[in-house]
Structure formats: structure tokens, C-alpha cells
Amino acid sequence: MFFTIFWISGDDAFYHGGVVYPSPKESNLFVSLGHHMDVYFPPCKRSRITAPFIFTEKQKKLPSIDVLPDECLFEVLRRLSDGKERSACACVSKRWLMLLSSIRGDETLVSDPSPILETEERSIKNAPVKPLDCTKKGEVVAPNGVEVDEAEAQDIKGEGHLSRCLDGKKATDVRLAAIAVGTASHGGLGKLSIRGSNPTCGVTDTGLKAIARGCPSLRALSLWNVSSVSDEGLSEIAQGCHLLEKLDLCHCPAITDESLMAIAKSCPNLTYLTVESCSKIGNGSLQAVGRLCPKLKFVSLKNCPLIGDQGIASLFSSAGHVLTKVKLHALNISDISLAVIGHYGIAVTDIALIGLQNINERGFWVMGNGQGLQKLRSLAITACHGVTDVGLEALGKGCPNLKLFCLRKCTVLSDNGLVAFAKSSGALESLQLEECHRITQAGFFGVLLNCGTMLKALSLVNCFGVKELAYRFPPVLPCNSLQSLSIRNCPGVGNATLAIVGRLCPKLTHLELSGLLGVTDEGLFPLVQNCEAGLVKLNLSGCANVTDRSVSALTELHGGSLEFLNVDGCRYVTDATLFAISNNCWFLSELDISKCGITDSGIASLASAAQLNLRILSLSGCSLLSDKSVPFLQKLGQTLMGLNIQHCNGVSSNSVDLLLEQLWRCDILS
């Protein structure tokens, strides 16, 4: 056999055959590359190219783990017990990530260490360890000796304390898979909130399956506007997350009673349940939840057309002894449901009834006479036309411990029912009335006269029936318990009403009179003059006819206690009020003088008051201010945390930039 040898040495000369080495001892210089070709490397001369060029017709493909089918790769990946190894493998590809996220905790195989490894580990444990200095801020050493920051160190401690929230386009199955794999080695996922979904690759059952298999420590799950998630995904949560305590479902049209019943069977720790606008959830799931969830405390149901009296009755008859808070909104229920609540709700402390159009007067009457709501503390009724005088009086008698009562948009209720309720509710501390247009001045004063000695707060909002009447009072005891009074957007309230309030409520400390165009100095001054306890908070926003006379007087009367003052939109309030504030107010921290007639001189007087420590100052819409007020605002800015100078057209943009630069600790709206 003959060989032809080519040597490429950087020049143009070729070596054509012949004896390549004089002695057989030099045969180690001859390297065989196969059966058909040999290459010679002489040691005498260094070549420019130090490797031979071999040209083959076809290059062999290197073997890769990617050729393995999913079943084989699954067997490989489930043998990774360390969280860091799993996270690193999840970064290889989307395929690896999804496979890792499909492995349950009980499917992971932990191999027994070999004797050699056990000996090495034992020697490492017994070896002396040099103490590490961890005194620097944010510097923590993990159990494996790796230095981590403070936030990551908090992840190492505890179990199921991590919280993740995916909104809109960020909500995809891939992100959920990454959360399932990544949080396992950092304490475990405790709370997951998904709000919306990516329009092209949104959250489906696959993503929830990954969470169910990788996050057994999950305790709170919130799904909002996730149309692609069905019973299959939520049932996986029930199977894998037995510690679930809080479930919030909103606008999930594909979820039915099947998966919610699975949650009730597999998650006995369920405490909070919220279901809103889920058209396929009905009575069956409520029956299962009431029967199988002994720790249930809170239930909120809204706009679910399949939920009716049967579901509510089953829920309360089974869980009425543990349920404490209930919210029923826009459901197709009747008087039967309220009767069951009034009889079985022995542990209920808070009830909210909203938009229940099929409930009549009889329902509220039976609810009050059921004698089961002895522990009820808070009751809110909104847009329920069945609330009448008879039903309200029964509620007052049947709920002896009621402290907070809120009525909104109850158009049938009149003064008689309100006064009867006030007489029977001896423990009432707060009463809120909103858009109850049949309530008049007589009902308002009747509450003050008959509420007892516990009422502390009274609020009237958008009650157009309250108007000025020639009302004469016999000598009565004042309502000394009332500390907070709020009257907003009640156009019929004027000076006469405020004068009577001043006589009846001498212990007011919080007073809000908002949007009352009929109130002037003649009505405001007697009211604030009779506040013996000292006003702490006063809101006069929208009282356009109040002037410096009454506002300056109240600063003299209550300057030693006033902490909050709002005269937004009081166009007749000028620099004179600011002069009075700078001289009389010692504890004022929040001041709103937006859209008032103040000038640079008024701001200068505020800045000159050494005792003032304003935290919030609003000057929005003060068109008379100019750049001359900027030095005074800089001085006030030493204590300010918030400054509103929007729509101050007299202040130039350069001055605003200067304030933004110098008052860097203050939140400035411009």
C-alpha cells in the first residue's frame, strides 16, 4: 500500500514521497488518522498552521438530549431534587420549563447518596467553619454559605409567604410555569392573583395545573377576567393545594359548580370565598361549601344568576354558626333567604345587601324577627326597594348589638321608620344615610333626639328631602355623644338647620359641610361657637357663600385643637383667613385653600408663622398667586410632604421647576 503525504508549512513547497524518517524509532512522529490517510508532523520546523486539514464528505451530528421524547426527559428531570438545579434547567428552553412545571412534589425522586458522598459530606460537616461577618446592611448568609441580600433571605424563611400578581399581558401560562418552578426553592408561593389575560397566549388550564403541581403551599388564589380557565384547571388546584384559604373568582364564565365543589371537598381550610359574575356557578357549590368547609368566615356573592334561595338557605343552615361576614349583591333571591339568614346567622357580624330587587317588606321584617342576628355589628343596605318603615323597625329590635348602619338609595323609607329604628337601636354608634329622599328635617332631628347615648357619627349624603322648615324644639337634652357630623350635597340644608345642630350637638370634633350653597356666616358661626370640645377637623369645601368672617372666627375659637381645614371653593376666603391661621393655629397639619381669593401676601403670612408645621398644602386654582410666593413656599417646604399648585396660572414654569428641584422631599402636583 502506498501513501501520498502532503505537508502544509506556510510556503509553496510540497514534499513528494520518499522516506519520511530514517529510523523506525522516530515512528512516533507519524500520526495515523485512519485506514487511508497518515499525516506527518516534523519537529524541525514550526508551521504557521498547526493542525491538519481533513476534508470529509459528511460531518457526523453530535448527540443531544433534545432528541429524547418527553417521557424520557420527564424521568430525567424528576430526579432533580435541588431547587437551584430545577430553576437552572427551567431556563434551558420552554419545553424543559413546561416539563418541570408538570412534575408533582410526590413524583420527584431523591436518590440515596453513595457511601463516598456520605463520607465527604460527613467530613465537611465536621470541619471547622470560619465565622462570617454579616454586620453589613442587607448582607445575609444562607445555610449553604452563599451570601444573599436581605429580601432573598426573607424568602428562605417560612413557607408559602411569597406573593405574585399577573396583570393583563403578563398573565400567560409560561409565566405561571416559571412561578411554579422558581418559588419552590424560596419558601413557596402563598398568594397568587391573576387579573386579566394575554389576548394571544393567555392563562389557561395548563398554567393553573403548573401552579397546582408546583405550589402546594398556595393559600390565596384570585382569578379575575380569565375566560380560558375552566373546571379542569381549578380542579387541579383543589387536588394539589389543600392549604387553600381564600378563593376569589370574578368573571370566570367557564367555571361551574363541579370545580367549586372539588375545592370544598379538598380544601377544608377555606375561609374566604368571593364569586362575582360567574354565570355557571349555582346552588350546588354553595351547598358543598357550607357542608364541607368548617372554617368558612366570609362569603361574597355578586351577579350570579344561578344562585337562588336554595343555595343561600343551604349555606346558612350548614355554616351559619361559623360565618361572620356576608355580602349579597344582585342575586335572584327572595324573602326566604333573608328569613333563613335571620334565623341561622347566629355568628354573623357584618351583612351587606345590595340591589336585591325581589325582596319585599316581609323579608326584612322576618329577618329582624328571626332573633338569630344577636351578634350583628354592621349592616349595609343599598338599593333594596323592600326596605320600609315596618321592616326597618323590626331590624332595629332584632339586632340589639348593631353599631354601624348604612342605608343607600332606599326610596321608600320615611321619617317614621328612621325614628323608630333610632329608638330601638340602643347600641348604634354610626348612621349613614345616602340618597334617601323621603327623609326630611324631622327625621334628621328625630335621630339626634332618640338615638340614645351611643351615637358618635352621623352622615347625610345627597338627601334632597332635608329642607329648611320652621321647626321648634321643646327643652330637650343635647346629644352629647355625637362627635362627627357630615352633611354633603344636601341643597336644602341652610342656616336654620345648622343653628339647631349647634344646640343639639355641643361635643362635635369632626364637622363636614360640603357643597351647601345655602350656608352662610350667619349659620356657620353659631354652630362652631357651640362646639365645646374643640374642632379637630373642619371641611367647608363647596360652601361658596362662607367668608373670612366666620372662618377667621373659628380659627380663634378652635386654633388650639384644629388639625385639618378645607375651604376649597370658598371664593370669599382671602388673605385675612391666612393671617388668622398664622396667628391662632398651633397644630394645623393639612390646609386646603384651593380656588380661594388668596394672594402672595397670604402665603407670606403662613411662612412667617413659626409655630406652623404644615404637612399638606393645596393651592390649586389660586389664580392670584405669582412668582413672588415661591420663596415663601420654599420656606414652608421645610415641613411639607405634599404641595398642590395645579392651575396656578400666575406661577411660571421656571418657578415650578425651582420648587421641584429644591423641595425634593415634597410630593408636588403642578
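Some points to look at:
- The condition of being free of Cβ contacts under 8 Å to residues at least 24 places away in the same chain and in a loop (DSSP other than H, G, I, E, B) holds for only one of Leu477, Leu516, Leu428, that being Leu477.
Let's see how each residue does on (1) farther than 11 Å from Ile439 by Cα; (2) open to solvent by less than 60 Å² (accessible area, probe 1.4 Å); (3) of a type outside the set (Val, Ile, Thr); (4) modelled with pLDDT of 95 or more:
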{"residue": "Gly386", "(1), (2), (3), (4)": "yes, yes, yes, no"}
{"residue": "Gly396", "(1), (2), (3), (4)": "yes, yes, yes, no"}
{"residue": "Leu402", "(1), (2), (3), (4)": "yes, yes, yes, yes"}
{"residue": "Arg408", "(1), (2), (3), (4)": "yes, no, yes, yes"}
{"residue": "Leu413", "(1), (2), (3), (4)": "no, yes, yes, no"}
{"residue": "Ser424", "(1), (2), (3), (4)": "yes, yes, yes, no"}
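- Restricting attention to segment 471-522, the residues that are more than 19 Å from Gly446 (Cα to Cα) and of a type in the set (Val, Ile, Thr) add up to 3.
- Within segment 563-590, considering residues that are open to solvent by less than 20 Å² (accessible area, probe 1.4 Å), among the aliphatic types (A, V, I, L, M) and in contact with a helix residue (DSSP H, G or I) (Cβ under 7 Å, 6 or more places away or on another chain), the one nearest to Thr509 (Cα to Cα): Leu588
- The listed residues are Thr497, Thr453, and the only one of them that is open to solvent by less than 10 Å² (accessible area, probe 1.4 Å) and at pLDDT below 95 turns out to be Thr497.
- Test result for Cys622, outside any helix (DSSP H, G or I), in contact with a Cys (Cβ under 7 Å, 6 or more places away or on another chain) and either surrounded by fewer than 20 Cβ atoms within 10 Å (Cβ to Cβ) or not aliphatic (A, V, I, L, M) (or both): yes
- Leu606 in a loop (DSSP other than H, G, I, E, B) and open to solvent by less than 10 Å² (accessible area, probe 1.4 Å): no
- Residue, nearest to His242 (Cα to Cα), within segment 180-204, restricted to residues that are open to solvent by 20 Å² or more (accessible area, probe 1.4 Å) and out of contact with any Asp or Glu (no Cβ under 8 Å at 6 or more places or on another chain): Lys191
- Only a single item in (1) out of contact with any His (no Cβ under 7 Å at 6 or more places or on another chain); (2) among the small types (Gly, Ala, Ser); (3) open to solvent by less than 10 Å² (accessible area, probe 1.4 Å) is not met by Gly372, and it is number (1).
- Scope segment 314-345; condition part of a helix (DSSP H, G or I), of a type in the set (Gly, Ala, Ser) and crowded, with 23+ Cβ neighbours inside 10 Å; matching residues: Ala319, Ser337, Gly342
The values are calculated or read from the model by the stated rules, or taken from the named source; none is laboratory data. In this text the structure is predicted, and so the values were computed from the model without any measurement. All Cβ positions, even for glycine, are placed from backbone atoms using ideal geometry, and neighbour counts span all protein chains on display. Calculation scope for accessible area: heavy atoms of the full protein, side chains included, ligands and nucleic acids excluded. Shrake-Rupley method; radii C 1.70, N 1.55, O 1.52, S 1.80 Å.
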